[in-house]
1. Run the simple label-point estimate for R43 and S90 please: 7 Å along Cα→C-beta, distance reported in nm.
2. Multiply the residue gap between A72 and E16 by 0.36 nm, knock off their C-alpha separation, and tell me the result in nm, one decimal place.
Amino acid sequence: MSEDRNFKTVVLDNEEIGKRLKELRETAKLSQEKLAEKLCRNRVSILRYEKGKDTISLDVLNDYRNEFHVSADYILYGSQLADEERDLISEIDAILAKYRCK
C-alpha cells in the first residue's frame, strides 16, 4: 500500500547563499583567512562557499549562524529574524562560545 504524500521540494541557491555569506563576512570586516581561522576551516573552503561552488553543510551553516548571530533561514533564504529572536540567539551563542574550537 502506498501513501500519497505531498512533500514540498526545497531548492537552495548556492550562489545567493554565497552572496549572503560574503556580505556577513565583509560587514564584520573579516578577511577570508581570519574567518577561516575563527571557524576552524581553510580559506579555500570559505572562498568556495562564497562563490556558490560548494553546498553549505549543516555544520558549516551552524558555524556561520553562531559567528554572525543570524538565523539559518537568513543564510539559506534571506529572511530576517525579529530583534528579540536575534537577542536570544546571541545569548545562547555566548554560552556555547566556550565550547567552540579555538
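1. Simple spin-label model gives 3.1 nm for this pair.
2. Residue separation times 0.36 nm, minus the Cα-Cα distance, leaves 18.8 nm.
We did not get these values from a lab; they are worked out from the coordinates using the rules stated. Since the model is a prediction, treat every value here as computed from it, not as a measurement. Please note: Cβ atoms are built from the backbone with ideal geometry, for glycine as well, and neighbour counts cover all protein chains shown.
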